[in-house]
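The values are calculated or read from the model by the stated rules, or taken from the named source; none is laboratory data. Note that the coordinates shown come from a computational prediction; the quantities given were computed from them, not determined experimentally. Heads up, the Cβs are rebuilt from the backbone with ideal geometry, glycines too, and the neighbour counts pull from every protein chain shown. Accessible surface is based on the protein model in full, side chains and every heavy atom, while ligands, DNA and RNA are left aside. Shrake-Rupley method; radii C 1.70, N 1.55, O 1.52, S 1.80 Å.
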Amino acid sequence: ADSRTSPKLDRPQIIRVAVGSKNPCKIEAVRKAFREILDRGANDGNSDNVTASSRSVVKLEISAFDVPSGVPDQPFGDPETRQGAMNRAQAAFNAAIEAAGDDFSQYPDFAVGLEGGLEKHLYKPQQLSTNGVGGDGMQQTEELWCMAWMAILGSNSALCTLGKAAESNFVPATQNYSCNKNCDQNGSEKDRKFTWGYAKTAAFLLPPALCDLVLHKNMELGHADDMVFRRVNSKHGSGTVGKLTDGQIDRMDYYVHSLKMALIPWIRPELYLG
């Protein structure tokens, strides 16, 4: 049997993921990242279900919550942007629990926050002479680099570690995360430990027109993008990265890779949760 399905799942299972945003691009990025991690085993052909060696169906259930980031609308730098992602994940987790009320079976297994940010750098390029040899330094310029942080909150439960690597020898603390404080010894509250997973996207340089609006007009990048490229609500679509790469990398795909990296603690739980 594939060890990623251990302990054996003898009935249909649901992995519940709370997302700290109602942005459809972010929601679909979370769905795709989790789905692809889970679907590394035998796939039954249904994009919403994965069939493990035990033939038990695992369903991914996403719930989205419009929660505050707790940081400025346009975060700058890694600490602020990462904190915004954490705040969104924690707020989504709390909102999902509140929505579930006393129904512990509806509690989230994971909570995810995604936060886009900018990095500001001062750069003084070297001017090249006609023979290719560096000449006098050019005027110092301000650069803006676009990036995003992912934060995932999860536990060491059987459901959270269902996507672990096949060779992993990690033994989860509980069969199900979603149980109340009266669980038996195989699913006790004290055995469950929560942890964070983080990752940062690649960064890319913004063109001067966008930099000017953000730095000198105090505009959020999404609004500046709409103005420069004459479109509406771009951050709910392909995003700035999609426009600049001419569709080679859209905003959803931009997030998916980093979301998978943020899931590393649950892919290799013996290294992070042991």
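Would you check if there is a residue in the range 116-124 being open to solvent by less than 100 Å² (accessible area, probe 1.4 Å), touching a helix residue (DSSP H, G or I) at 6+ places or on another chain (Cβ under 6 Å) and at pLDDT 70 or above?
yes
Sort out which residues of the range 138-175 are open to solvent by less than 40 Å² (accessible area, probe 1.4 Å) and modelled with pLDDT under 85, and write them in order of number.
Ala173, Thr174
Consider the range 77-128. How many of its residues are under 18 Å from the mean Cα position of the chain (by Cα) and on the phi < 0 side of the Ramachandran plot?
So the count comes out to 30.
Among Ala89, Ala96, which is the only one that is part of a helix (DSSP H, G or I), touching a Leu at 6+ places or on another chain (Cβ under 9 Å) and touching a residue at least 60 places away in the same chain (Cβ under 8 Å)?
Step by step, each of Ala89, Ala96 is checked, and only Ala89 is part of a helix (DSSP H, G or I), touching a Leu at 6+ places or on another chain (Cβ under 9 Å) and touching a residue at least 60 places away in the same chain (Cβ under 8 Å).
Would the range 184-207 turn up any residue that is modelled with pLDDT of 95 or more and among the basic types (Lys, Arg)?
yes
I'm checking my understanding of the structure. Among residues of the range 208-238 that are among the charged types (D, E, K, R) and over 19 Å from the mean Cα position of the chain (by Cα), which one is modelled with the lowest pLDDT?
Arg231
What about Pro79, is it assigned to a loop (DSSP other than H, G, I, E, B), surrounded by fewer than 19 Cβ atoms within 10 Å (Cβ to Cβ) and free of Cβ contacts under 8 Å to residues at least 12 places away in the same chain?
no
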